[in-house]
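Structure first, then comments.
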Amino acid sequence: VKTLSSKEAVQIFRNGRSLWANEEKVIIVLPSNKSSMAEPVAKHLYGGSVTAMQKFWLALVFQGRANPPVFLQTEEEIVAYISKNPGAIGVLPRGTASIPASFQLTIR
């Protein structure tokens, strides 16, 4: 997948898909609460605060409806994790220099 609609991207990050088309498991990678990226991601993808984002996932995991996302603090940690884990998807600010071109998705 190289292009997603904005709606598709939000659905993935809100547990709307557990497998990619190639049957690879979707692994969601999000910024931890100590990351400077956490507030913008929480607001854009989850419509609230970092605490609300964490509660959203805690509820899904507690109900047995999802595996927890991986929470990492830095852009470098997110890129490294995604590069080592097929199926992983994360959010990083536009222009992050360390993102390999092959990892970038276009959100239309």
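The values are calculated or read from the model by the stated rules, or taken from the named source; none is laboratory data. Owing to the predicted nature of the structure, the values given are computational and were not obtained by experimental measurement. Because the Cβ atoms are built from the backbone with ideal geometry, glycine has one as well, and the counts that use them run over all protein chains shown. Just the protein is used for accessible areas: all its heavy atoms, side chains included, with ligands, DNA and RNA removed. Shrake-Rupley method; radii C 1.70, N 1.55, O 1.52, S 1.80 Å.
Return the residues of the range 30-68 that are among the β-branched types (Val, Ile, Thr) and touching a Pro at 6+ places or on another chain (Cβ under 7 Å); say none if nothing qualifies.
At the first step, the residues of the range 30-68 found to be among the β-branched types (Val, Ile, Thr) are 41, 50-51, 61.
The answer is 41, 61.
State which residue is modelled with the highest pLDDT when the search covers only the range 51-70 and only residues that are open to solvent by 40 Å² or more (accessible area, probe 1.4 Å) and closer than 17 Å to residue 88 by Cβ.
Filtering first and then ranking leaves 68.
Looking at the range 58-95 only, could you name the residues that are in a helix (DSSP H, G or I), among the hydrophobic types (A, V, I, L, M, F, W, C) and touching a residue at least 40 places away in the same chain (Cβ under 8 Å)?
Going residue by residue through the range 58-95, those that are in a helix (DSSP H, G or I) are 58-62, 75-84.
Those still in the list that are among the hydrophobic types (A, V, I, L, M, F, W, C) too: 58-62, 78-80, 82.
Listed by number, the residues that qualify are 60, 78, 82.
Condition test on residue 22, is it buried (at least 16 other Cβ atoms within 10 Å of the Cβ), closer than 21 Å to residue 103 by Cα and among the polar types (S, T, N, Q)? Before the answer, list the steps.
Details: buried (at least 16 other Cβ atoms within 10 Å of the Cβ): no; closer than 21 Å to residue 103 by Cα: yes; among the polar types (S, T, N, Q): yes.
No, not satisfied.
Of the conditions (1) over 19 Å from residue 8 (Cβ atoms); (2) surrounded by 12 or more Cβ atoms within 10 Å (Cβ to Cβ), residue 100 clears all except one; give me its number.
Failing condition for residue 100: (2).
Please work out which residue is nearest to the chain's Cα centre (by Cα), limiting yourself to the range 1-51 and to residues that are within 19 Å of residue 82 (Cβ to Cβ) and acidic (Asp, Glu).
Among residues in the range 1-51 that are within 19 Å of residue 82 (Cβ to Cβ) and acidic (Asp, Glu), the one nearest to the chain's Cα centre (by Cα) is 8.
Restricting to the range 81-97, and then to whatever is of a type in the set (Gly, Ala, Ser) and open to solvent by 40 Å² or more (accessible area, probe 1.4 Å), can you tell me which residue is modelled with the highest pLDDT?
From the range 81-97, those of a type in the set (Gly, Ala, Ser) are 83, 87-88, 90, 95, 97; that's our starting set.
Filter once more, so that each one left must be open to solvent by 40 Å² or more (accessible area, probe 1.4 Å): 83, 95, 97.
Numbers: 83: 90, 95: 69, 97: 66.
Per the stated criteria, the residue is 83.
Between a first residue in the range 1-17 that is closer than 12 Å to residue 44 by Cα and a second residue that is modelled with pLDDT under 80 and open to solvent by less than 50 Å² (accessible area, probe 1.4 Å), which pairs have beta carbons less than 7 Å apart while being 6 or more apart in sequence or on different chains?
Taking only residues 6 or more apart or on different chains, not a single pair turns up.
If residue 39 satisfies all but one of (1) touching a strand residue (DSSP E or B) at 6+ places or on another chain (Cβ under 7 Å); (2) open to solvent by 60 Å² or more (accessible area, probe 1.4 Å); (3) under 20 Å from residue 93 (Cβ atoms), what's the number of the condition it fails?
Result: residue 39 fails condition (1) only.
Output the residues belonging to the range 1-47 that are charged (D, E, K, R), in a helix (DSSP H, G or I) and closer than 22 Å to residue 76 by Cβ.
39
Looking only at residues in the range 1-32 that are hydroxyl-bearing (Ser, Thr, Tyr) and in contact with a strand residue (DSSP E or B) (Cβ under 6 Å, 6 or more places away or on another chain), which one is modelled with the lowest pLDDT?
To start, the set of residues in the range 1-32 that are hydroxyl-bearing (Ser, Thr, Tyr) comprises 3, 5-6, 18, 32.
With the extra rule that they be in contact with a strand residue (DSSP E or B) (Cβ under 6 Å, 6 or more places away or on another chain), the set shrinks to 3, 6, 32.
On the way: 3: 72, 6: 79, 32: 93.
It comes out as 3.
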